[in-house]
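What follows is one structure encoded as structure tokens, with my remarks underneath.
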Amino acid sequence: GQSLEQPSEVTAVEGAIVQINCTYQTSGFYGLSWYQQHDGGAPTFLSYNALDGLEETGRFSSFLSRSDSYGYLLLQELQMKDSASYFCALTVIKAAGNKLTFGGGTRVLVKP
Amino acid sequence: DGGITQSPKYLFRKEGQNVTLSCEQNLNHDAMYWYRQDPGQGLRLIYYSQIVNDFQKGDIAEGYSVSREKKESFPLTVTSAQKNPTAFYLCASSLQGQGREAFFGQGTRLTVV
């Protein structure tokens, strides 16, 4: 099977930078995605890494190292609205179709 | 507007009853997924489907059943065999292929009393 590990909670102040790490165990996957979920809401897609390296999307960047089975999401210039849970997810290759598996999530609390 | 719709938003059922959660998408997506989320927890995969009339068990399929008779629809039945059915259920869809963005419905919060 697959497993993804993330820290359960991170607290930071407005304007700071937060890095959320994700380590995983799997065989045969396409890439690593990141999703944001506000309390009571639906997850929304943030970024995707198919290849090793850094992908930048505005204030958010994501990194993948396949050799280390590791990725991270970097949140820069934190804003109050960034308080949410963040999930890493693997798109795993399966004969019957791709399987999208999520980690346990990291709750980010942004303080003034 | 294109999107993925789950209904109802809140659902209450008595213990021992089967209940079916609706998920419809008009995004022309091939892949559809059902997840369960418990308070403060991650998303656990129940079932997923890549094509009509075919679906696969996820990590926690016991006590659940699905069907995929149409591309647009992927209903989930929570059966009486599910020992702890009270949870937040999320449906998602995506295009086929590598790392395609998954779009989620707004979820159904099921409470079994």
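The values are calculated or read from the model by the stated rules, or taken from the named source; none is laboratory data. Quick caveat: nothing in here was measured; it's all calculated off a predicted structure. All Cβ positions, even for glycine, are placed from backbone atoms using ideal geometry, and neighbour counts span all protein chains on display. What goes into the accessible areas is simple: the full protein's heavy atoms, side chains included, and nothing from ligands, DNA or RNA. Shrake-Rupley method; radii C 1.70, N 1.55, O 1.52, S 1.80 Å.
The table below lists the values:
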{"quantity": "Residues satisfying the stated conditions in segment B:38-55, i.e. closer than 24 Å to A:G104 by Cα, modelled with pLDDT under 95 and open to solvent by 40 Å² or more (accessible area, probe 1.4 Å)", "calculated": "B:P39, B:G40, B:Q41"}
{"quantity": "Scope segment A:25-56; condition of a type in the set (S, T, Y), surrounded by fewer than 20 Cβ atoms within 10 Å (Cβ to Cβ) and more than 21 Å from A:V10 (Cα to Cα); matching residues", "calculated": "A:T26, A:S27, A:Y30"}
{"quantity": "Single residue of segment B:17-37 satisfying the filter (open to solvent by 40 Å² or more (accessible area, probe 1.4 Å) and under 12 Å from the mean Cα position of the chain (by Cα)) that is nearest to the other protein chains (Cβ to nearest Cβ)", "calculated": "B:E24"}
{"quantity": "Residues of segment B:66-113 satisfying the condition of being within 10 Å of another protein chain (Cβ to nearest Cβ) and of a type in the set (F, W, Y)", "calculated": "B:F88, B:F103, B:F104"}
{"quantity": "Spans of strands (runs of 3 or more DSSP E) in segment A:1-48 with at least 2 residues modelled with pLDDT under 95, farther than 23 Å from A:S83 by Cβ and more than 13 Å from the chain's Cα centre (by Cα)", "calculated": "A:29-37"}
{"quantity": "Residue match in segment A:63-78 (condition: in a strand (DSSP E or B), modelled with pLDDT of 95 or more, crowded, with 18+ Cβ neighbours inside 10 Å and at the interface with chain B (Cβ under 10 Å from one of its Cβ atoms))", "calculated": "no"}
{"quantity": "When residues of segment A:84-112 are limited to those that are under 14 Å from the mean Cα position of the chain (by Cα) and not in a strand (DSSP E or B), the one surrounded by the fewest Cβ atoms within 10 Å (Cβ to Cβ)", "calculated": "A:G104"}
